[in-house]
Structures are given as structure tokens and as C-alpha cells.
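Student: Sending over a structure as C-alpha cells; questions will come in a sec.
The values are calculated or read from the model by the stated rules, or taken from the named source; none is laboratory data. Fair warning: this is a prediction, and the values are worked out from it, not measured in the lab. We place every Cβ from the backbone using ideal geometry, glycine too, and count neighbours over all the protein chains shown. Note: accessible area is taken over every heavy atom of the protein model, side chains too, but ligands, DNA and RNA are not part of it. Shrake-Rupley method; radii C 1.70, N 1.55, O 1.52, S 1.80 Å.
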Amino acid sequence: MSPYALSMLMSSLAMGTIITLSSSHWFLAWVGLEINTLAIIPLMTKMHHPRATESATKYFLTQATASALLLFSSTMNAWMTGEWTIMDMNSYTPTTILTIALAIKLGIAPFHLWLPDVLQGLDMMTCLILSTWQKLAPMALLILTSHQLNTNLLILMALASAIIGGWGALNQTQMRKIMAYSSIAHLGWMTLVISFAPGLALLNLMIYLMMTSSMFVMLMILNATNMNKLSISWLKTPTLAASMMTGLLSLGGLPPLSGFLPKWLILQEMTKHHLGALSAVMALSALLSLFFYLRLSYMISMTSPPNISNANLTWRKKNDLSLINPILVVLSTMLMPITPMLLM
């Protein structure tokens, strides 16, 4: 793709998100989301392959449906209340439609089916944008309207996301599909706590963005798209293989890594609201996710492929991403010491 076209698309992507983040009017928020969707579709189809075209088509159709629902809910709310302001969503039907629209945008269960298929057809860089940057605008709207949304509906969707996100990845071998199910599971945790403590949902989102970014950057450096390629990664870059193992365990939420921090705080918040049974089910669903992260860690660190290179050193390609990766790895694994500050 031409650098001019790429810079144009990336700036449109940034502009769309910023418009949505800074708007207080529903129509402006919708315009930002539309710019966002239209800017990423050419990035999806830059890899001329039938799978990429299929992914772009699926993504466009789901996002268009979600945008139509969002516009419909805000128009209905304006008709009922005479207000276009984002903070004034007081009627039951518009808030329910809005929740469904944002769930489709984000890929929260039971509206998650498009996400693994779309990610599988794209290159790693577009997958990274789709799993991180594209979550910001809908998540901001969800946090802004969290006090007006139906809590029971959000809890049901969160529970479904956490269970499906863990269950769906158990039999996957493709890294992009595993990362898609990981995204669904993490979004479940954010949706669960968003009605009770929006600040915690924001913290979880920030940590999720750091962990997912570092994981995709490492997968790009290793050029690993499936589990078999991961098993020879320690031959290419032993240090990176060790970092990746730590990153995976952090995604799984093992202490004392960063991924444990939001899960711990969320479970603590839920028990404060006397939702012990719900907390227990969420903790058990985290074990499902932990199983496939542990399986990947085992593949990276403890298995040797049948065709080990006879040379002492394999060819090691210098990569531009090697500079940003150490920062992301540190952030995605070592944020646990800041917990006392957050709790205050």
C-alpha cells in the first residue's frame, strides 16, 4: 500500500476514535464510529487474498448493523426525551438497544461470532489494530452510559463472554483465533464490573491493551501464526520466547503479573456487592482461559520440534518492532507493585 494512502487511513482511524471520545452528542459519536469503520476496511483488504476480502465483508456488515442500532436507539431516546446528549439515556428500550449495539461493536458474547473469523483472515498488524485501537471508542461509550444501562443484561453478557472466551480457544491451534477468544474473555471481565465501578473497567481495558499489544508485537517478530511455529521460536530468539511465556501467563491472570491485578480487584468489587456466586463462576471461567495460555507457554518453553536446526545459531532477522517490544513486555508483566496506589 502507498505510504500516502496508509498515512491517510491511519489518521482517519485516529480521528474517528478521537471524535467519539470527545463528543457529548449522539450524532457526533456515531459519525466518529463510522469514520473508524470505513478507515480500517482498506487496511483489511490490503493483503490481496480471498480470506482478507471475506473478513472485511463480515466486519463491514456487523459494524454497519451495530451502527444502525446505535443510531436507532439514540433517535428513539431523542424522540422520547427530547435530548441528544450521551449522558441522558433514561428509557428502557433505547438503553437495551444501545447495549446490544455496543456489544456487537466490541464482540461481547452472544454477539462475538464475527471476531475470530475476521481476525483469522487478516495480517498481524491489522489484527493488532482491531483488537486494541478499535475497542477504545465503543468502550468509551459503554463507560459513559454505564450508570443508565441494564445491569442484569450486562452481567449475563459478561458471564457468557468469559465462559465462551475460555471454552472457544481450547481446541484452537491458530494464534489469531486464540487471541480473538482471549479478547472476548477479557471483554467479559470489563462488562461485568462496568455498572459497579467504571474506573475498574477502564483500568482493565488499559492493562488488556498493553498485554494484547505486546503479544501481537512478539508474534509479528517471530512471524508465528500457529502453535507449531511457536514451538521453534526459542531457536530464533530465546529471550523473546521467555518474554512471550511471561506475557501469556500475564494474559491468563497469574500472580504476580499485571494480568492478575484487574481480575483480583474485580472479584473484590463483586464480593463487596454480595455477588459471591457470580464471582465464583467468573473465577472458574478464568481457569478455562488459563488452561490454553498454559498450553501455549508449554509449547514455547518445554517442547522441542522434531526438526531442530543443526547449526549453532539460526538466522536472526533484525526487526523494527524490537525497540518497542521491551517496553510493552515490562508494562504487561510488572504493574503489580502499583496496586496499593490504585486501592487508595
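Student: Going by the alpha-carbon gyration tensor, a ≥ b ≥ c the square roots of its eigenvalues, is segment 42-139 rounded (a/c under 1.5) or, if a/c is not under 1.5, prolate (a/b greater than b/c) versus oblate?
Tutor: prolate
Student: If F216, F111 are ordered by their accessible area, calculated over protein heavy atoms with a 1.4 Å probe, which sequence runs from highest to lowest? Walk me through the numbers on the way to the answer.
Tutor: Working: F216 0, F111 65 Å².
Descending accessible area places them as F111, F216.
Student: Pull up all non-local amide H partners of N226: gap of 5 or more, or a different chain, and H-to-H distance under 5 Å with H placed in the peptide plane.
Tutor: For N226, the qualifying residues are M175.
Student: Roughly speaking, what is the stretch gain from M336 to L156, that is 0.36 nm per residue apart minus the C-alpha to C-alpha distance, in nm to one decimal?
Tutor: Here the answer is 61.9 nm.
Student: Around L33, what is the net charge, scoring Lys/Arg as +1 and Asp/Glu as -1 over all other residues with Cβ under 15 Å from its Cβ?
Tutor: Around L33, the charge tally is +1.
Student: Can you give me the long-range amide H partners of A197? Hydrogens built in the peptide plane at 1.01 Å from N, cutoff under 5 Å, separation of 5 or more residues or another chain.
Tutor: Result for A197 returns nothing.
Student: Mind ranking L141, L284, L136 by accessible surface for me, highest first, 1.4 Å probe?
Tutor: Order by accessible area, largest first: L284, L136, L141.
Student: Now, a different point. Using a 1.4 Å probe on the protein heavy atoms only, what accessible surface does D117 show? Give it in Å² to the nearest 10.
Tutor: Spelled out: D117, probe radius 1.4 Å, area about 60 Å².
Student: What is the spin-label model distance, in nm, from A64 to D123 if the labels are put 7 Å beyond Cα along the C-beta direction?
Tutor: Here the answer is 2.6 nm between the modelled labels.
Student: Still on this structure: With a cap of 16 neighbouring Cβ atoms within 10 Å, and only residues DSSP puts in a loop, list the chymotrypsin sites (Phe, Trp or Tyr not before Pro) found in segment 1-84.
Tutor: The qualifying sites are W84.
Student: Calculate the spin-label point distance for M8 paired with Y92, positioning each point 7 Å from the Cα along the beta-carbon direction, and give it in nanometres.
Tutor: With each label point 7 Å from Cα toward Cβ, the separation is 4.9 nm.
Student: What are the equivalent ellipsoid semi-axes of the chain, built from the alpha-carbon gyration tensor (square roots of five times its eigenvalues), in whole angstrom, biggest first?
Tutor: 34, 25, 17
Student: While we're looking at this one, here's another question. Over segment 3-343, with every protein chain in place, what whole percent of the accessible area is carbon and sulfur at 1.4 Å, could you tell me?
Tutor: The nonpolar share, carbon plus sulfur, comes to 71 percent.
Student: Starting from the 7 Å offset along Cα-to-Cβ, what nm value, one decimal, do you get for the label separation of E54 and A277?
Tutor: Label at E54, label at A277, 4.2 nm between them.
Student: Continuing with the same structure: Using a 1.4 angstrom probe with every protein chain in place, what is the largest-first accessible-area order of M47, M282?
Tutor: Descending order: M47, M282.
Student: How much length is gained if the chain between L38 and L170 is pulled fully straight, taking 0.36 nm per residue apart and subtracting their Cα-Cα distance, in nm to one decimal?
Tutor: Values: separation 132, 0.36 × 132 = 47.52 nm, distance 3.29 nm.
Result for the pair: 44.2 nm of gain on full extension.
Student: Set Lys and Arg Cβ to +1 and Asp and Glu Cβ to -1, take the dipole of segment 3-343 about its Cα centre, and tell me which of L33, F292, Y92 lies farthest positive.
Tutor: Going by the charge dipole, the pick is F292.
Student: Taking Cα atoms, how many degrees apart are the long axis of helix 3-22 and the longest axis of the chain, rounded to 10 and kept between 0 and 90?
Tutor: So the helix axis and the longest Cα principal axis differ by about 40 degrees.
Student: If you place +1 on the Cβ of every Lys and Arg and -1 on the Cβ of every Asp and Glu, how big does the dipole about the Cα centre of the chain come out, in debye to the nearest 20?
Tutor: In debye, rounded to 20, the chain gives about 940.
Student: Let me ask something additional. Please list, in order along segment 40-57, the HN-Hα scalar couplings obtained from phi with the Karplus expression 6.51 cos²θ - 1.76 cosθ + 1.60 (θ = phi - 60°), rounded to whole Hz, x for Gly and Pro.
Tutor: Along segment 40-57, the couplings run 7, 5, x, 5, 5, 8, 5, 8, 6, 8, x, 5, 5, 5, 4, 4, 4, 5 Hz.
Student: How much length, in nm to one decimal, is gained on full extension between N226 and W84, taken as 0.36 nm per residue of separation minus their Cα-Cα distance? Don't skip to the answer; put the middle values down first.
Tutor: Numbers: separation 142, 0.36 × 142 = 51.12 nm, distance 4.65 nm.
Working it through step by step, the gained length comes to 46.5 nm.
Student: Here's a follow-up. Which whole-number percentage describes the relative contact order of the chain, with Cα contacts under 8 Å and a sequence gap of 6 or more?
Tutor: Once divided by the residue count of the chain, the mean separation gives 15 percent.
Student: If you fit an axis through the alpha-carbon atoms of helix 276-302 and take the longest principal axis of the Cα set of the chain, what angle between them do you get, 0 to 90°, nearest 10?
Tutor: Tilt of helix 276-302: around 30 degrees.
Student: Taking only protein heavy atoms into account and a 1.4 Å probe, give the accessible area per residue of the chain in Å².
Tutor: Here the per-residue accessible area is 44 Å².
Student: Another one. Just to check I understand the Karplus step: with θ = phi - 60° and J = 6.51 cos²θ - 1.76 cosθ + 1.60, what whole-Hz values come out for segment 119-131, glycine and proline as x?
Tutor: 4, 5, x, 10, 7, 4, 5, 5, 4, 4, 4, 5, 7
Student: Give the relative contact order (percent, whole number) for segment 107-217; include only Cα pairs under 8 Å separated by 6+ residues.
Tutor: 35
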